[in-house]
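What follows is calculated from the coordinates using simple rules that are stated; it is not laboratory data. Since the model is a prediction, treat every value here as computed from it, not as a measurement. Cβ: placed from backbone, ideal geometry, glycine included. Neighbour counts: every protein chain shown.
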Amino acid sequence: MTDSDWGDWLPRAVADADPDTVALWYLGCNGFAIKGNEGTVLWIDPYAGTGDPPRTVRMIPVPFDPDDIDVADAVLATHEHTDHVHGPSQAPILANTDADFVAPDDSLAVAREEERWTENWDVDEEAFLEVTEGDELKIGEFTVHVVETQDADATHPVGYVIEHESGTLFHAGDSKPSESFSALADEFDIDLGILAFGSVGRVPDKETGEPIETKWYSDENEIAAAAEDLALDRLVPTHWDMWKGLTADPTALHDHVRSRSHPNRLEIVEIGDRVDL
């Protein structure tokens with residue numbers, strides 16, 4: 001962990017905001033803070049780590065110090081990878097608030113068994129809430145649906161469809177196009193979809209250190225197809241900013257989505273940006 005490059009302005013911006021509908025702040029990588037007009041705050045995949053140089057090298061600022069976050073109703077994890085489940089980034093949020101850690105089984109296993117959050121931070125076992133595909137839970141003013149995604153690099157990935165009286169958003173984690181997406185479009189009218197996007201690059205192998213061809217996220221055509229299958233109104237690409245060798249240019253997506261029926265709008269955000277439903 002490193003100190004925040006930006007001080008505490010981003011946690012304060014979230015805490016002080018009074019949105020008319022639902023506000024989202026992009027934390028870089030695949031993280032978001034989400035706040036409703038009644039004050040409920042969700043944090044999804046917040047990550048303040050620097051990766052594991054030289055294999056994974058963070059290319060963007062660390063925008064928050066987890067100890068500065070004192071407003072949270074839940075921290076949601078989409079899957080078990082380090083940049084989505086990370087004790088130093090997330091356990092302090094639970095320790096400072098009454099938030100639950102909402103996650104599938106393999107993500108909870110990381111928190112419980114590998115990183116031992118209850119031993120290394122002031123986190124109670126009662127804060128862990130296991131979810132799986134098909135679950136529905138109420139968190140303040142939000143209704144959260146746990147849905148199937150497709151991420152072959154993860155052992156148990158999920159996505160979250162989050163409903164609010166102001167609209168519906170979908171966080172797909174690191175999912176590539178999934179057969180489940182068309183059914184989600186039939187069930188939900190998704191106003192804003194968050195989909196991971198990146199390039200193919202050569203990343204050192206975890207065991208040998210030798211560079212290997214690596215593709216962790218959807219490419220241009222895959223993310224465009226996923227957005228169409230989901231019938232998104234607004235597409236927000238993420239993760240393109242994060243890892244050295246796998247970064248991408250999200251403005252290139254304009255050409256890839258132009259002829260498709262959806263999304264109706266491509267919305268490019270940078271770390272620290274706020275968007276509203």
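So if R0 is 30 Å, what FRET efficiency would GLU136 and GLU267 give, r being the distance between their Cβ atoms, rounded to the nearest 0.05?
0.65
Please work out whether the stretch 165-256 counts as rounded, prolate or oblate from its C-alpha gyration tensor, where a ≥ b ≥ c are the square roots of the eigenvalues and a/c under 1.5 means rounded, while otherwise a/b larger than b/c means prolate and anything else oblate?
Here the stretch 165-256 falls in the prolate category.
Contour minus end-to-end for ASP186 and VAL200, with contour as 0.36 nm per residue of separation and end-to-end as the Cα-Cα distance?
Length difference between fully extended and current span is 1.9 nm.
Where does the chain land at 222 nm, in deg cm²/dmol rounded to the nearest 500, when only DSSP H runs of n ≥ 4 count, each adding -39500 (n - 2.57), divided by all residues?
After summing the helix terms and dividing by residue count, I get -4500 deg cm²/dmol.
Based on alpha-carbon centroids, what's the gap between the stretch 214-277 and the stretch 76-94 in Å, whole number please?
Using only Cα atoms, the two centres lie 23 Å from each other.
First measure r as the distance between the Cβ atoms of ARG112 and ILE60, then evaluate 1/(1 + (r/R0)^6) with R0 = 35 Å and state the FRET efficiency to the nearest 0.05.
Efficiency, rounded to the nearest 0.05: 0.75.
How do LYS215, LYS206, LYS35, LYS176 rank when sorted from fewest to most other Cβ atoms within 10 Å of their own Cβ?
Least crowded to most crowded, the residues run LYS206, LYS215, LYS176, LYS35.
Give the relative contact order (percent, whole number) for the stretch 9-276; include only Cα pairs under 8 Å separated by 6+ residues.
Contact order relative to length: 18 percent.
Working out 0.36 nm times the residue gap between LYS244 and THR2, then minus their Cα-Cα distance, what length gain in nm do you get to one decimal?
Net length gain for the segment: 85.3 nm.
Could you tell me the largest-minus-smallest coordinate of the C-alpha atoms of the stretch 112-179 on each of the three principal axes, in descending order and whole angstroms?
That works out to 37, 32, 16 Å along the principal axes.
Please give the Cα centre distance for the stretch 56-73 versus the stretch 125-171, rounded to the nearest Å.
The two parts, judged by their Cα centres, are 21 Å apart.
Please rank ARG274, ARG58, fewest neighbouring Cβ atoms within 10 Å first, as an exposure proxy.
If I rank by nearby Cβ atoms, fewest first, I get ARG274, ARG58.
Step by step: find N for the stretch 15-135, compute 2.2 N^0.38 Å, then divide the Cα radius of gyration by it. What's the final number?
1.03
Output wanted: per-residue J couplings in Hz (rounded whole) for the stretch 27-33, from phi through Karplus 6.51 cos²θ - 1.76 cosθ + 1.60, θ = phi - 60°, x for Gly and Pro.
For the stretch 27-33, the Karplus curve yields 9, x, 6, 10, x, 9, 9 Hz.
Would you work out which of ALA72, LEU230, LEU94 lies farthest towards the positive end of the dipole of the chain, given +1 charges on the beta-carbon of Lys and Arg and -1 on that of Asp and Glu, about the Cα centre?
Towards the positive end, the residue furthest out is LEU230.
How would SER166, SER89 line up from fewest to most surrounding beta-carbon atoms within 10 angstrom?
SER166, SER89
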